[in-house]
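Report on one structure; see the data block that follows.
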Amino acid sequence: MISAAESTNIRTNNGRLPRAPQRPVEREVRPAADRYRNPIGRYKVCRSADCRSCGLCVELCPYGVHQKPRGYSLTLRPRDHLCIGPGCAQTDHYCIDRCPNHALSLGRNPTAEAIGDPRWTSDLILSTWHQAETGHAPAGGLEFQHGASGGGFDKLRFRFPEQPPVALGAGEVDTGLELNRRDDGRPRVHIDLPIYGGGMSFGSVSIHVMLARARAATAWNTFSCSGEGGYPERLEPYDDHMITQVATGLFGVREETIQRVRIVEFKYAQGAKPGLGGHLLGDKNTPEVARMRQAVVGNALFSPFPFHSVYSVEDHKKHLDWIKMTNPKALVSVKVSTPTDVDMVAVGSYFAGAHIIHLDGSYGGTGAAPDIAKKNIAMPIEYAVPKVHKFLVAEGIRDGVVLIASGGIRTAHDVLKAIALGADGAVIGTSELVALGCIRCGGCESGRGCARGIATTDPELMLQVDIDWGTQRLINLYAAWREQFVDVLRRFGMRSITELRGRTDCLYHLDYAKEGEAACG
Amino acid sequence: MPKRYHVPIVPVPARFRRVGKYGTVDWREDCSRCKNCVKLQCVYGVYQSENPYNSDPSSPIEPLFDCRACLSCIQGCAKGLLSLSINPEYLTLGDDYWRPDIIAATWEQAETGRIPVSGAGYRGPFSGPGFDSIWTDMSEIVRPTRDGIHGREYINTSVDIGPKPAHLVFGPNGEPGKMEPLLEVPIPVLLDLPPWGPPSDAIPGARIAAAAALGTLSIVRPNEVAAAEPEHVSSLVPLFEGLEFAEHESLLRRVRMVEIADGPDTLSHGARLRASNPDLVVCARVRLEPAAMERVWALCQGGIKVIHLCADAEGREIGAERPRFAKDVLRNIHGRLVQEGVRDEVTLIASGGIALAEHVAKAIICGADLVAVGLPLMIALGCRVCSGDHNGSCPADIQTIDVPYAAQRMVNLMGAWHSQLIEVLGAMGIREVRRLRGEVGRAMFQEDLEREAFGDLGR
């Protein structure tokens, strides 16, 4: 394996690419509170005028709901997003019952009940925020493992053995993944987690969001992806952890951007709008975005579909060869959607020379897309992964390629289920944006863009996301997910995430479970 | 290139305030009236529009109903006085099949004529019964046209209605025999009778005008024909549910297609109508009952080659103990006609449960040539699918609607559906909707996918 530093030297020695010094980012979990004044939790704790500010609730609550800073004569408004709810009534520190003046009341937060949808439930949004804030899974009963869509990952559960076959310490479990399985002399790029960040272009999200993602990827020795909107100079200190994308519009694709990175991704299609190409609305094509994309300010930019120079596997190979010649040290990833013949597409990509086959299922995506496409075109990733995995195994080429799943991967458990179904790892997108404060209101496409300052290039709105804060939120999310990866692998007695690949015997489906099986998960 | 089909879309605002999904609950009494009030910072300007509403009750916008639920105000208020809630009125829209989100999306399309677009991924259930258990195919490398699916080189959405003989017939002296009449409509959608609705002369008039603007056909009752402008008569398909043919002989000479409600005498009625006007396309309107497949085959053998299959409003079989969804019945009927070797000679029109643009494509994939829609046209006018629950008074006041307004709303909806059909076809690499008929190989059915993906799970 060649480290990031070594590969930097190799490419510098080629004399082809003056590179910016790479900037490390510390991998440490630190609290990163919600950036809004009123964080949202499942419950609301109300303090009435009967409160005498005795401070008993402050002493009692181990979750920090009640606060009375030194020097304050009154107790502050409850930080009710930290409250674990009525379950606390079983303990001796239930503030509602213990308040001597009966000034506290507890109820469900109507806002929490109004947000979310079957795929991203209110609990999933709140638990992702919690993980981004604390670096750990929530303990207060929030569901953080699956949604309520009624199918796919949400119907799959792990079939854990009663006792792990091997007792492993947390430090003995490896969650890393090698991204080059070919013996082709190119670097055997290693990432410390089986996940990396999906493509989000400059223009679809702000530079602050791109930087936060790149820095978190650097901290966790994994990757983030520039998307197809060019490669902003501010990302150069994180080149070793960036994937640059070559998509059908070829926006901002230049020889130096391809030579700058360790992985280049060909985007043939994307799950949110399979077969339809990309579309950046004119409002979002600001002067800066236009400069990056070498386009005209204010014009809507279409990324056509498909690549107009590819009609066969041979044409596809020609594409990959072009990138490989341009950057002799880069790995090549091929991102495709999930048509009926996705298995043949994957095999074709393998024989064309791809190191990574990235399947993007139909239910994901971060940017604006026609609702009809997201819901109906191409199959969900839960079906595509086993189909491709089995076909690659049958063809005898499974161990020569890395299979990455995306498109609807919301939680750490979704990642693990995708791996058990046959993927090597996963790409995430929406989860990262939720960690940064996305509420999934779906207004990414409108006017000035995202009201939460994420999917926007509006100079005022984008300032809502501070780069350091965003970096920390993502580092925390990744840390929380790694804890869950390790926990599940330990329960199976597996030393490496690679042992889980294709282990469908570790899963059961709620609709087809054998009697008594539901109790195991 | 022949002239490209164009739907004349003109944005038409709703007559009444839109019932939005969200509302904010505002606990005003503790407000400190700070100068950086979150209401003034709303990116969508929802709160600013509250002022005209307060001073002018007839103003169409109310902040409750245009909220996008971005939570910026709720999380930003200095005193935490705001909460988000689901608008209870929104939850009362429609029913289990015609869900609030379908109704809201239909309103939006009728207003703008544009494809619904949103960010941050799909937000519905994993799958559902009927059409929601089908996914359509796409191609990684095939593009249907050379300059984009909305470019000059277009994707053809025209379909034919009428008997299509498998071969030409010549007379004893080699002269070509009489060709059966064949209609071509530029979108695979007919505008059908709604399953219910308040009595109104405007609604049939609007449907006929919309059909004329779209270049398609509108199914009407004979007593509704008076609502048609003279130049729109060729867009009419009168539906005869009894024996009133004699009363409408003049009409039957002027229209291009007629529907007969299926009954014991359908074949003889059809023969009589064809005899009186050989240029008339005769269609049998058949309820999608358990015996529908045999009935379709019998009608085909008897010479009726255009059959309109009507499922219930939720797209299910009628009168069955355990009704199947139309998608399954259509596949069976289509398959039977293929098996009998006559599928290309017959036109199948499917209706019932066609609620969204994707249902058009999916019904065609399952074997229909085209669909007919009624209820979505009513929703385009503001209908909430209350099924007359409001003591006979329509909450959308549809009976007072005027024809040009209603027609444009219907045209806009069909324009948005047409654009979405093109997106589905474009993703597949198909540039001709006729080629989609029965193409189950270009679709993925949940039962097959579940078996392939999870059939061996844990075994």
Across the range A:185-226, what is the number of residues that are touching a residue at least 12 places away in the same chain (Cβ under 8 Å) and either closer than 18 Å to residue A:485 by Cβ or in a loop (DSSP other than H, G, I, E, B) (or both)?
26
How many residues, within the range A:206-248, are out of contact with any helix residue (DSSP H, G or I) (no Cβ under 8 Å at 6 or more places or on another chain) and under 29 Å from residue A:310 (Cβ atoms)?
7
Tally, over the range A:249-278, of residues that are touching a helix residue (DSSP H, G or I) at 6+ places or on another chain (Cβ under 9 Å) and either outside the structural domain of residue A:219 (by TED's automatic domain parsing) or assigned to a strand (DSSP E or B) (or both)
2
Of everything in the range B:86-120 that's among the charged types (D, E, K, R) and part of a helix (DSSP H, G or I), which residue is surrounded by the fewest Cβ atoms within 10 Å (Cβ to Cβ)?
B:89
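Here is a list: A:139, A:114. Which entry is out of contact with any Pro (no Cβ under 9 Å at 6 or more places or on another chain), surrounded by fewer than 19 Cβ atoms within 10 Å (Cβ to Cβ), modelled with pLDDT under 95 and among the aliphatic types (A, V, I, L, M)?
A:139
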Do we find that residue B:408 is in a helix (DSSP H, G or I), away from every other protein chain (no Cβ under 14 Å) and not hydrophobic (A, V, I, L, M, F, W, C) in this structure?
yes
Looking only at the range B:364-386, count how many residues are more than 22 Å from residue B:334 (Cβ to Cβ) and part of a loop (DSSP other than H, G, I, E, B).
7
Among the residues in the range A:64-72, are any aliphatic (A, V, I, L, M), over 18 Å from residue A:49 (Cβ atoms), part of a helix (DSSP H, G or I) and in contact (Cβ under 8 Å) with a residue 24 or more places away in the chain?
no
Scanning the range A:448-460 residue by residue, those within 7 Å of another protein chain (Cβ to nearest Cβ) and in contact (Cβ under 8 Å) with a residue 60 or more places away in the chain turn out to be A:448, A:455
Of B:141, B:155, which residue is touching an Asp or Glu at 6+ places or on another chain (Cβ under 9 Å), modelled with pLDDT under 95, closer than 23 Å to residue B:362 by Cβ and among the β-branched types (Val, Ile, Thr)?
B:155
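Yes/no per residue for (1) more than 9 Å from chain B (Cβ to nearest Cβ); (2) within 24 Å of the chain's Cα centre (by Cα):
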residue	(1), (2)
A:81	yes, yes
A:85	yes, no
A:89	yes, no
A:93	yes, no
A:101	yes, no
A:110	no, no
A:115	no, yes
A:120	no, yes
If I ask for residues that are under 19 Å from residue B:227 (Cβ atoms) and crowded, with 22+ Cβ neighbours inside 10 Å, which ones from the range B:402-413 would you list?
B:406, B:407, B:408, B:409, B:410, B:411
Among the candidates B:81, B:71, residue that is out of contact with any Pro (no Cβ under 7 Å at 6 or more places or on another chain), in the same structural domain as residue B:34 (by TED's automatic domain parsing), farther than 25 Å from residue B:414 by Cα and buried (at least 21 other Cβ atoms within 10 Å of the Cβ):
B:71
In the range B:132-164, which residue that is β-branched (Val, Ile, Thr) and under 27 Å from residue B:122 (Cα atoms) is surrounded by the fewest Cβ atoms within 10 Å (Cβ to Cβ)?
B:142
Considering only residues that are within 13 Å of chain B (Cβ to nearest Cβ) and over 18 Å from the mean Cα position of the chain (by Cα), which ones fall in the range A:248-276?
A:248, A:249, A:266, A:268, A:269, A:273, A:274, A:275, A:276
Between B:424, B:403, B:346, B:342, which is in contact with a Lys or Arg (Cβ under 6 Å, 6 or more places away or on another chain), assigned by TED's automatic domain parsing to the domain that holds residue B:284, touching a residue at least 24 places away in the same chain (Cβ under 8 Å) and more than 18 Å from residue B:103 (Cβ to Cβ)?
B:346
Inside the range B:266-284, can you point out the residues that are surrounded by fewer than 16 Cβ atoms within 10 Å (Cβ to Cβ) and either modelled with pLDDT of 95 or more or in a helix (DSSP H, G or I) (or both)?
B:268, B:271, B:272, B:275, B:276
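Scan the range A:127-172 for residues that are over 30 Å from residue B:132 (Cα atoms), assigned to a loop (DSSP other than H, G, I, E, B) and of a type in the set (D, E, K, R) and jot them down. It would help to see each step written out before you state the result.
In the first step, residues of the range A:127-172 are kept if they are over 30 Å from residue B:132 (Cα atoms); the result is A:129-141, A:160-172.
Filter once more, keeping what is assigned to a loop (DSSP other than H, G, I, E, B): A:135-141, A:160-169.
The one that is over 30 Å from residue B:132 (Cα atoms), assigned to a loop (DSSP other than H, G, I, E, B) and of a type in the set (D, E, K, R): A:162.
The values are calculated or read from the model by the stated rules, or taken from the named source; none is laboratory data. Not measured: the values here are computed from a predicted model. Glycine also receives a Cβ, built like all others from the backbone with ideal geometry; neighbour counts cover every protein chain displayed.
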